[in-house]
Amino acid sequence: MPSPRSRRLLWWLGIPLLVIVAAVALFRWDWLIPLVEPRASAALGRDVRIEHMHVRLGLSPVVTLTGVTVASPPDFPDQRPFARVETLSAQVNGWDWAWGRAPLTLPWIELDKPMLNILHTADGKRNDQFSFGNTQEQPAADSGEDGPRIGALRVREGGAVVVIPSLKADFSVRMATEEPSGQEPRIVAAAEGRYADQPIRARLEGGAVLSLRDGTSPWPISLDVNNGQTQLGLKGTLRDPLKLAGADIQLNLRGPDMARLTPLIGVPLPQTPPYRLASRVDYSPAVVHLRQLDGVVGRTDVTGNLDIKLSGEKPELTADLSSRQVNLDDLAGFIGGKPGDQPAPANAPLLPNDPISMPKLTAANFHVNYKAGSVRGGERQPIDNLVASFDIVDGNINLHPISFGIGRGEMRFEGQLSPARNDALNADIRTEFRRLDIASLMAAAGARGGGSLNGRANLKGTGRSISELVTNGDGRITLYTAGGNLSSLLVDLSGLRLANAILSALGLPDRSELRCFIGDFTIGRGMLDTRTMVVDTSTAIINGEGTIDLKREVLNYRLRTASREFTIGAFSTDIRITGKLRDPSIGPEPVELGARGAAAIGLGLLNPLLSILPTIQFGTDEDSGCGDLANRARRQQAR
């Protein structure tokens, strides 16, 4: 029988034990919720609610929260919660962390029926922006702490609703983890709905969450997206994805129009014909690199490299591209036209009059270098190759230069276009014509010729389209050549030498020697006006005069020809060319008898040369032909 002292000892020990046992038996972990919710709310800057809380004690406790809700901002019009999780469970290994020997470790986290509502409004409000607590206590990155180490993440029946009016997006996401035998859980997600006002279906397969923090192991990813008729596929690995160390991904992309990619990549692109592209994808912080790009746009092949920088105030695209062969019809979207080879309507303007989109010009910055080895397409165009180098920065366009190869020569554009009022552009463009191949130019016009054409042009104007830039502009065009040949049919018809025209059409005589050509034109108030236009051939001298109404695209021109020799069947007429530029009318204009002939090779045709010749620098092989013509004009003037 216990002694009185033993009974007293048992009494004093038993009472505390009974209190402890009773406290444990009666304790509810829910009593800690009022302590946890305010700390979580302060950390997220949102109201956080927890319905129930339970902790299974042990060497590695398991914490379970049910009915966890993260609210949308209080002033957000749609009060669906930003996030809700039916059950959140996590195993905690915190002994080493409590003693400061290791970071906090969560061997596993399980989420049952997590749901996100990512909502934006038409006026720009959004519920997915957070102010994470006190910013003065924030920078864990600077403190050297890595944060909790997460092992396996398991998600069951997860989902999300995404509504973003600015992207015309309204789609849902299903998300879960799959756990192949003997492997860690991997992320699988599928999306369905509308994006960019087009149906969207997407599927993502990723690696294990544990691998995200393991910078030594590439993280696998596979993504397939169908957005309307646009198809995108990504397959490869990410290197240390949490630190954006890089990637090794194969991209395959196809669709009916690159302009439809703008909502997907955030960079405005012009309209194009159907395309397909393949590329290796890498990235560094804030920059996506497309390497070994290879594909086809319409009938144009494209290869090269592309960088898209996503940091800063706006995206920035740097491209170094080339084509073995480019079809000009495929590039129409770059100058405001419609891509494709469909014939233009009979009343369609020659100069594109679609407004230049200033929002697109200012939405991103571009730095582009492009080369095309050969050029096809267009309506009987003479261009052989193309080199383009330009920048677009904050809506300012710098051409340096854009060059079109024609035979052994080139047509070279340099200058600037800058934003003006009312969504217009100020343009200051300078053009050089360097040894343009006359054979190519004449072939495009349905005739024959040889030699080279030189000259220069400048244009300053303001407008909202290419048509307005030209018709509202002021400028001058000067063209000249000496030496070469022209189709005799062209020369004969300009003087209505009917008999020789018939012989020429039969192939005899074949060509007329081109001794000199000089053209000097001004642009102002929507009119192109002729100051001087003289063609000196071995058989005739042709003088041109008249105007082109650039706004109405109407021609009013006269060709006056003086034969160097008597020809049976020659009439005393001029040629009048009138009407629309797309379909002009050509016919004779009778003149008084005697107004033609030898006297016509005189002051009236040659005098305009004297004002323009001093401004032209001929080559050594060109000066003789035009020099002879100028000397003749001076002699006529001196009489």
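Just a few scattered comments:
- Among the residues making up region 50-62, those that are part of a strand (DSSP E or B) and surrounded by fewer than 16 Cβ atoms within 10 Å (Cβ to Cβ) are H52, H54, V55, R56.
- Taken over region 374-390, the criterion of being at pLDDT 85 or above and loosely packed, with under 15 Cβ neighbours inside 10 Å is satisfied by S374 alone.
- Residue match in region 468-480 (condition: touching a strand residue (DSSP E or B) at 6+ places or on another chain (Cβ under 8 Å), in a loop (DSSP other than H, G, I, E, B) and modelled with pLDDT under 75): no
- Within region 303-327, the residues that satisfy the criterion of being assigned to a strand (DSSP E or B) and basic (K, R) are K309, R324.
- For region 356-371, the set of residues classified as closer than 23 Å to N305 by Cα, buried (at least 19 other Cβ atoms within 10 Å of the Cβ) and at pLDDT below 95 consists of L361, A364, N365, listed by residue number.
- Filter result (of a type in the set (S, T, Y) and within 14 Å of D282 (Cα to Cα)) within region 214-237: T237
- Count of region 350-374 residues which are of a type in the set (D, E, K, R) and in a loop (DSSP other than H, G, I, E, B): 1
- For region 438-461, the set of residues classified as in a strand (DSSP E or B), over 30 Å from N472 (Cα atoms) and at pLDDT 70 or above consists of S452 only.
- Here Q292 meets each of (1) touching a helix residue (DSSP H, G or I) at 6+ places or on another chain (Cβ under 6 Å); (2) modelled with pLDDT of 90 or more; (3) surrounded by fewer than 19 Cβ atoms within 10 Å (Cβ to Cβ) with one exception, condition (1).
- Verdict on G333 being over 30 Å from K580 (Cα atoms), touching a Ser or Thr at 6+ places or on another chain (Cβ under 8 Å) and either in a helix (DSSP H, G or I) or not β-branched (V, I, T) (or both): no
- Hits in region 525-566 - residues which are among the small types (G, A, S), touching a Gly at 6+ places or on another chain (Cβ under 8 Å) and over 26 Å from G473 (Cα atoms): A540, A562, S563
- Scanning region 261-320 for residues that are more than 14 Å from the chain's Cα centre (by Cα), small (G, A, S) and farther than 21 Å from S374 by Cβ gives A278, S279, S284, A286, S311, G312.
- Where a residue in region 39-63 is more than 16 Å from E86 (Cα to Cα) and its partner, wherever it lies, is in a loop (DSSP other than H, G, I, E, B) and modelled with pLDDT of 90 or more, with Cβ under 6 Å and at least six apart: S41/D47; R46/A71; D47/A71
- Answer from I187, I150 - the residue that is in contact with a helix residue (DSSP H, G or I) (Cβ under 9 Å, 6 or more places away or on another chain), buried (at least 18 other Cβ atoms within 10 Å of the Cβ) and either hydrophobic (A, V, I, L, M, F, W, C) or assigned to a strand (DSSP E or B) (or both): I187
- Look at region 88-110: where a residue is part of a strand (DSSP E or B) and a partner is modelled with pLDDT under 85 and of a type in the set (D, E, K, R), sitting 6+ places away or on another chain with Cβ atoms under 8 Å, you get T105/D96; T105/R149; L106/R149.
- Among the residues of region 221-238, at least one is over 26 Å from G333 (Cβ atoms) and crowded, with 19+ Cβ neighbours inside 10 Å.
- Just one of the numbered conditions (1) more than 23 Å from E468 (Cβ to Cβ); (2) modelled with pLDDT under 90 is not true of R531: (2).
- Subset of region 536-552 (residues that are under 26 Å from R430 (Cβ atoms) and either at pLDDT 90 or above or of a type in the set (A, V, I, L, M, F, W, C) (or both)): G546, T547, I548, D549, L550, K551
- Screening the candidates L104, L111, L119 for the property of being under 47 Å from the mean Cα position of the chain (by Cα), surrounded by 14 or more Cβ atoms within 10 Å (Cβ to Cβ) and at pLDDT below 80 yields one hit, L104.
The values are calculated or read from the model by the stated rules, or taken from the named source; none is laboratory data. None of the values given here were measured: they were computed from a predicted structure. Cβ sites come from the backbone with ideal geometry, for glycine too, and all protein chains shown count toward neighbours.
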